[in-house]
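Each value in this text was obtained by applying a stated rule to the coordinates, not by laboratory testing. On a predicted model such as this, the values are computed, not experimentally measured, just so you know. Here the Cβ positions follow ideal geometry from the backbone for every residue, glycine too, while neighbour counts run over all protein chains shown.
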Amino acid sequence: MKPGFRQSMAWLHTWSGLLVGWVLFAVFLTGTAAYLRPEISLWMRPELEVTRPGPDIAPRLMEAMARIAPGSQSWTIGMPTARDPVARVFWRDPQAPNRRGFRDAALHPVTGEVLTARATRGGEFFYRFHFDLHYMSPIVARWIVSVCAMFMLVAIISGIVTHRRIFADFFTFRPGKGQRSWLDGHAVAAVLALPYHLMITYTGLVTLMFLTMPWGAQLAYKGDRAAMNADIFGNAPVTRPAGRPAPLVEIGPLVEEAARRWEGGSVGRIAVQNPGDARATIQLVRQDSERISFNPQSLLFDGTTGVLISATGEAALPAAETRGVMYGLHVGRFAGPLLRGLFLLSGLAGSVMVATGCVLWAVRTRQQAEKRGRVGFGTRLVEHLNIAAIAGLPVAMATFFWANRLLPAQMEGRAEWEIHLFFAAWGLCLLHPLLRSGRRAWVEQLGLGALLFALLPLLNFAITRRHLGVTLAEGDWIRAGFDLGLLALGAALGAVALLVAQHGRTRPGTRCRAAAPLATAEAAE
Amino acid sequence: MLGLALPYAGFTALCLAMERHHEQVLGRRQIPPGLRLVLRLAGWLLLLTSPLPCLALAGWGGGSVLWCGMLTAAALLLTLLLAYVPRLAAGLALVLPTLGLLLAS
């Protein structure tokens, strides 16, 4: 019998989704967390005060850099914003121990003084993890993530074809009915946030396209990577110092010039090359939260005379602008609080979609296997990995936050240890289901995640000065909101744990006696 | 607010025009044909007007992204409420737009 189109699509959907589901879940969830990158970073450095940036902050920061990095060839200053209220600076130090010689610091947004805070990767870790993974070369990791994203795109498209009753089941979610509910949940999370899923998967591929499909760009630039990077990322070309000292020009007028050219736009980053040298340059890059497109607008000035050398990004070519908009949509940095909330919601819907898809496979296969009277190794393996990947990741993320609070502030290699503990917790979650039966492992890991998240705000009361009592009173909405978000997350995980536990009590053993038609059977109708 | 209220009300009207959900909320499976037509028309009309507040708030580029997000949020909210508290789901379709109009004016 020849299978129909829908059935072959159902097959494709099942396997393209299952094979990469666990990686995708991790990428989705940590990517969702990455929308809150500055907020997480701030929360993880409770030492930092939240102060509004001062009016003439740019000159202050330039003076500070001249003080702390006198012999450096290049400085980069990330301007403070409302979301990330400290200036983040880094510079090249010829004497620095690490391989590329970069050092970094956080500066006070009014006075420009160096701030000291505990060493942590903060929200940066989730952002990096979601395309660079960890403990491996970023290039390999990006290939893995790219391939998974391509599978994801295939799974989405074949899923749309397979789902015969998109409109009839548009609002349908029937809880407490075993497999039927998993299928409903999977479809609802997928269909209702479909614009987001398609957008985020496709644009995610676009962000890595120069890695996975480099041929067009290689041909156009004839292998000149420096010229390509200058065009795409707006990096100023590297210039050699002249060796003659010359004072840097005042930064204030340059910032005003930028605001005029960008019609009121503000400077997000200042990059200085060869400060104090006759061949100094100053590049001003526009704040990336002001436009959807991620094509950076920047102005390059002569560092001693203040004459404008070149401007990029003002009239981007259509192809570059298309990529810029896609990149911008993916990272969502243009989004205000409301839209960021919607991105978060959709990201969570995506995580739920992937998770329910994986669970659905396991539930369905176990049911078929029990009819045959024998549960195979493959089914048990998938069930096991589902628990570790889906319930284990929140436990690991919460552990990361706990490590941030509990590791001693002066510890050597502190930032790395936070990450090691993240993976250690995840590893334990991978071993734990070996000792417990499936459902108990689910309930215990979900419950543990719930406790860890919900107790974090309480831990703040015990050991930091930035607990809810203070942050709410002071109007520190970033930290207060994050604490409340942790509580909500803990409550949600707890509710899921309770549901799973209850469901187990009413119907021990299998989860879904009252079997409803399967996705494939539906397709066959 | 109105950006969420309009698609929510629109989706609710459309979903009340479907037998399964009509039964969930109002307890009867039969929908009078006239009522069904009115619900459908109202639903589509509300959905068609729903981009307007988003576009007014955030312009063409940001507004269209915002609108997609609002559609998703409204539909997710409706689906979840419908599953657990169907009466509230329908009631909210009246309350939200009223609130939205009050806040907007």
Percentage relative contact order, the range A:290-329, counting C-alpha pairs under 8 Å, at least six apart: 51 percent
For the protein assembly as shown, what does the helix formula give at 222 nm: sum of -39500 (n - 2.57) over DSSP H segments with n ≥ 4, over the residue count, nearest 500 deg cm²/dmol? -21000 deg cm²/dmol
Modelled label-to-label distance, A:Arg103 and A:Tyr221, 7 Å Cα→beta-carbon offset: nm? 3.1 nm
More than 11 Å apart: what percent of Cα pairs in the range A:266-308 qualify? 62 percent
Long-range share for the range A:57-116, i.e. C-alpha pairs more than 14 Å apart as a percent of all pairs, stands at 50 percent
Dipole in debye (nearest 20) - the protein assembly as shown, about Cα centre, beta carbon charges: Lys, Arg +1; Asp, Glu -1: 2440 debye
Averaged over its residues, how many other protein chain Cβ atoms are within 10 Å of peptide B:58-64's Cβ atoms? 3
Any DSSP H helix in chain B with Cα axial reach of 15 Å or more and mean Kyte-Doolittle score of at least -1.0? Listed by number, the hits are B:2-16, B:33-49, B:51-84, B:86-104
Among A:Trp442, B:Trp44, what is the fewest-to-most ranking by other Cβ atoms within 10 Å? B:Trp44, A:Trp442
Give the residue from A:Ala69, A:Ser158, A:Val50 lying farthest towards the positive end of the charge dipole for the protein assembly as shown; charges sit on Cβ (+1 for Lys and Arg, -1 for Asp and Glu) and the dipole is referred to the Cα centre. A:Ser158
Relative contact order in percent for chain A (Cα pairs under 8 Å, 6+ apart) equals 18 percent
The range A:101-148 and the range A:257-303 have their Cα centres apart by a whole-number Å value of 22 Å
Quick one: order A:His108, A:His197, A:His467 by neighbouring beta-carbon count within 10 Å, fewest to most. A:His467, A:His108, A:His197
Step by step: find N for chain A, compute 2.2 N^0.38 Å, then divide the Cα radius of gyration by it. What's the final number? 1.08
Assertion target for A:Ile77, A:Ile57, ordered by fewest C-beta neighbours within 10 angstrom first, is A:Ile57, A:Ile77
Past the 23 angstrom mark, what percentage of all C-alpha to C-alpha distances in the range B:2-104 do you count? 25 percent
Counting just the Cα atoms, what span does the range A:334-375 cover along each of its three principal axes? Round to the nearest Å and put the largest first. 54, 11, 7
Note on the range A:209-331: contact order normalised by length, alpha-carbon pairs under 8 Å, 6 or more apart, percent, works out to 20 percent
Kirkwood estimate for the range A:24-182, i.e. one over the average of 1/r between Cα atoms, Å: 19.4 Å
Taking the alpha-carbon set of the range A:275-356, what are its Rg and Dmax in Å? 18.2, 61
List the chymotrypsin sites (Phe, Trp or Tyr not before Pro) within the range A:86-162 that DSSP assigns to loop and that have no more than 13 neighbouring Cβ atoms inside 10 Å. A:Tyr135
Based on alpha-carbon centroids, what's the gap between the range B:46-73 and the range A:347-390 in Å, whole number please? 37 Å
P(r) over all Cα-Cα pairs of the range A:357-498, 5 Å bins from 0 to the longest distance, whole percent per bin, short to long, reads 2, 10, 16, 17, 17, 13, 10, 7, 5, 3, 2, 1, 0
Whole-number value, in Å³ per residue, for the convex hull of the alpha carbons of the range A:209-331 is 109 Å³
Non-local residues with an amide H under 5 Å from the amide H of A:Glu47, with H modelled 1.01 Å from N and Pro and chain starts lacking one, are A:Arg118
Rounded to whole angstroms and listed largest first, the alpha-carbon spread of the range A:1-64 along its three principal axes comes to 77, 23, 17
Search the structure for amide H atoms under 5 Å from the amide H of A:Ile309, placed 1.01 Å from N in the peptide plane, and list their residues when 5 or more places away or on another chain. A:Leu300, A:Phe301, A:Asp302
Hits for chain A under the membrane-span-like helix rule (DSSP H, Cα axial span at least 30 Å, Kyte-Doolittle mean at least 1.6) are A:138-162
